[in-house]
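One structure below.
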Amino acid sequence: EWDRWLLMGLIGTAVGMLGFLVHQIIDSLIKLKWDLVEKYLQDGNIHMTWLCVLASGLAMVVFSSGSVLFFCPAGSPSGLPEIIGYLNGTSLQHLFNIKTFLGTFVSCVLAVASGLFCGPEGPMVHLGALVGCGLSQLQSDALGMHLPIFTRFRNSADKRSFITAGAGAGIASVFRAPIGGLLFTFEEVSSFWDIRLAWQTFFCCLMATFTTDLLSSSLYGFVYRGHFGFFEAEKRIIFWVKNLLDLNVLAFIPTILLGMLGGLLGALFVSLNIKINKLRMQFFNSIPKLSLRKASKLLETVLILEVSCVPLAASRGSGRNFLALDVGCILSFPCSSEWGSAAALLVENGKQGITYLLKRGTHEEFGYSSLCTALAFYFILSCWTAGSAVASGVVIPMLYTGALYGRIIGLILVSIFGVQTNEYGAWIDPGLFAAIGAASFFSGVSRLTISLTVIMVSMFS
């Protein structure tokens, strides 16, 4: 079995490198966009600031949608349902070829960097499964390649096992959670399972997480920062929360409320998304010509981005310069108006926005109007984006939506009990309930329990 373990390690390492590359390209594109915005802000040209954000987003969305519509239709939209279907016995054409890999990769990084309300998690599962399939079979009809090694794994059972491990490694690389990746494949992805596959999948996920952390320890934006192999907790943990809070039994009351709210809103999200996708299919199927149908799907993604830029356009029209830019991205929101604060939340990219919502000690940073406005806007737009013609995931939108209504509950507690500074009342913090709300909505939409708990612990601590 040494060759099977070796192959699992190679798949994990390759997926870890791929996950690192995805995040680096996304961060570099976002930094490039906001560097251009900062230049126009310093010149005081608000109109060009808004135009720069919109034009750069439109360019990335057009290429992202075009790559899955005209280059690899099998890469749209997230790939996760297709992987689950394949592992449960459904045969799908072009799901594991080189064009699907390239198209999904390009579409994913451009869609996330463009400003659409989405994340790279679903496509990373697909990309990890593609790596697992490619490295285990080592043959490609499109490339005319049939290498004479690992030939004993060229059967459906072993192929399915390596695809399962690759999918788990994709989740592990994104969330830096090897145990979460293993539990995700066990709970959500695969129906064919045994103890041997569990250990090998865990090893694959461990290698993926280690590789991503190792590369991220010294490289940022493809620039060497030194300290290779030094794992800083603040950089390794995705949503770093420095301040720990002592737990009070009274905190379970709003936690139960958030759990119920997450289930109700999660069911609403799924139901609304199903209806939107049915309407989408009916509309596009009514267009007889294939080229016009694909062009219409591309125009839909452009329309989604334009609607997503409405808060920025409104703030531009009001003449408020609410964008405060630090090293390449928005880090603070110096806005006195409720609408400006809501707009700033929506303009912020997903990971940075969630980090800011989870920040401790910012009891009155956002008011009810800004949080409720951002919640309604983000909920609808993320639901509309899911299923559009780009390779995208919904984990970041789920966490963001949950963090918004969790912070609203925390703000209600602050309004009732006031800002508590003593150790017994410090748990009344909107940032704490934003984290609980993020977990509740994630669970309400995905129906995950055990793997979700492990993933959330890995992301927040």
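The values are calculated or read from the model by the stated rules, or taken from the named source; none is laboratory data. Predicted, not measured: the structure shown is a model, and the values here were computed from it. With ideal geometry, Cβ positions are generated from the backbone for all residues, glycine too; neighbour counts draw on all protein chains shown.
Listing for the model above:
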{"item": "Residue count for the stretch 28-51, restricted to those that are crowded, with 19+ Cβ neighbours inside 10 Å and farther than 14 Å from LEU305 by Cβ", "result": "5"}
{"item": "Residue match in the stretch 277-284 (condition: touching a Gly at 6+ places or on another chain (Cβ under 7 Å) and at pLDDT 85 or above)", "result": "yes"}
{"item": "Selected residue (only one of ASP27, ASP3 is part of a helix (DSSP H, G or I), modelled with pLDDT of 80 or more and more than 21 Å from the chain's Cα centre (by Cα))", "result": "ASP3"}
{"item": "Residue that is in the same structural domain as LYS159 (by the TED database), of a type in the set (Ser, Thr, Tyr) and modelled with pLDDT of 90 or more, where the choices are SER107, SER136, SER140, SER114", "result": "SER107"}
{"item": "Residue in the stretch 422-442 that is among the polar types (S, T, N, Q), closer than 21 Å to PRO81 by Cβ and in contact with a helix residue (DSSP H, G or I) (Cβ under 6 Å, 6 or more places away or on another chain) present", "result": "no"}
{"item": "Some residue of the stretch 89-102 being closer than 27 Å to PHE442 by Cβ and touching a residue at least 60 places away in the same chain (Cβ under 8 Å)", "result": "no"}
{"item": "Residues satisfying the stated conditions in the stretch 244-290, i.e. of a type in the set (S, T, N, Q) and surrounded by 11 or more Cβ atoms within 10 Å (Cβ to Cβ)", "result": "ASN248, THR255, SER271, ASN273, ASN277"}
{"item": "Flag for ALA342 being assigned by the TED database to the domain that holds GLY431, modelled with pLDDT of 80 or more and either surrounded by fewer than 22 Cβ atoms within 10 Å (Cβ to Cβ) or part of a helix (DSSP H, G or I) (or both)", "result": "no"}
